[in-house]
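The values are calculated or read from the model by the stated rules, or taken from the named source; none is laboratory data. Just so we're clear, the structure is a prediction, and the values are computed from it rather than from any experiment. Cβ coordinates were reconstructed from backbone atoms using ideal geometry, including for glycine residues, and neighbour counts include every protein chain displayed. Calculation scope for accessible area: heavy atoms of the full protein, side chains included, ligands and nucleic acids excluded. Shrake-Rupley method; radii C 1.70, N 1.55, O 1.52, S 1.80 Å.
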Amino acid sequence: MSDNPRVLVIEEHTALRAMLFAVLRHQALDVDTAASTEEALEKVNTCDYALILIDLSLGDGDPSQFFDAFRQSKPEAETFIIAVRDPSNDVYIDPTIVSAVVTKPLEIDTLADVVRECAAVMPAAPQGENCPPAE
């Protein structure tokens, strides 16, 4: 089992998700990915994450549904959540759940630095027996 902080990237676009995964894997992080809020909720119900990076423009629903379900399933979680938003979309972001907001377009290297630094301040949560190794 790794001592690295575990990060979940929630992004529906396959190419961007793969690129974020590849860039973040070169950091001192364990990285998982999800293409939808449904898949993300399955993962957060199985594993504990130091940081979640979520695109607020997911096509499968309102991101607040993910945040509500996350907080119901993990009310004591100290997860750092970074929301990525398109400035043309007016999405409400609950400041009691979301730790930081970044705006598209993103510089991938800068985003990787932000994710690494934010995850580093969060303790690596011990993973339960049902949590598989990071992708």
request  = Find the cysteines in the chain that fail to meet the 4.7 Å Cβ criterion with every other cysteine, and list them.
outcome  = Cys118
request  = Could you provide, to the nearest whole Å², the per residue accessible area of the chain with probe 1.4 Å?
outcome  = 53
request  = Just need log10 I(q)/I(0) for segment 65-107 at q = 0.23, 0.26, 0.27, 0.31 Å⁻¹, Debye formula, equal scatterers on the alpha-carbon atoms, no solvent, rounded to two decimals.
outcome  = -0.84, -0.98, -1.02, -1.19
task = Take the solvent-accessible surface of the protein heavy atoms, probe 1.4 Å, and return the percent of it on the chain that carbon and sulfur atoms account for.
result = 51
key: Simple label model, 7 Å out from Cα along Cβ direction - Ile108 to Glu129, nm   = 4.0
query = For the pair Glu117 and His26, how long in nm is the line joining their label points, each one 7 Å along Cα→Cβ?
reply = 1.9
query = So, with +1 on the Cβ of K and R and -1 on the Cβ of D and E, and no other charges, what is the size of the charge dipole of segment 1-75 about its Cα centre, to the nearest 20 debye?
reply = 240
task = Grab the DSSP H runs of the chain that are 4 residues or longer, score each as -39,500 (n - 2.57), total them, divide by all residues and round the 222 nm result to the nearest 500 deg cm²/dmol.
result = -10000 deg cm²/dmol
query = Hey, of [x] 23; [y] 10; [z] 15, which did the structure itself give for percent of Cα pairs over 27 Å apart when calculated?
reply = [y]
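Which length gain, in nm to one decimal place, applies between Thr96 and Asp60 when the Cα-Cα distance is subtracted from 0.36 nm times their residue separation? Let's see the in-between values first.
Values: separation 36, 0.36 × 36 = 12.96 nm, distance 2.29 nm.
Extra length from Thr96 to Asp60 when fully extended: 10.7 nm.
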ask   = How much FRET efficiency would the formula 1/(1 + (r/R0)^6) give for Asp3 and Lys74, where r is the Cβ-Cβ distance and R0 is 22 Å, rounded to 0.05?
value = 0.60
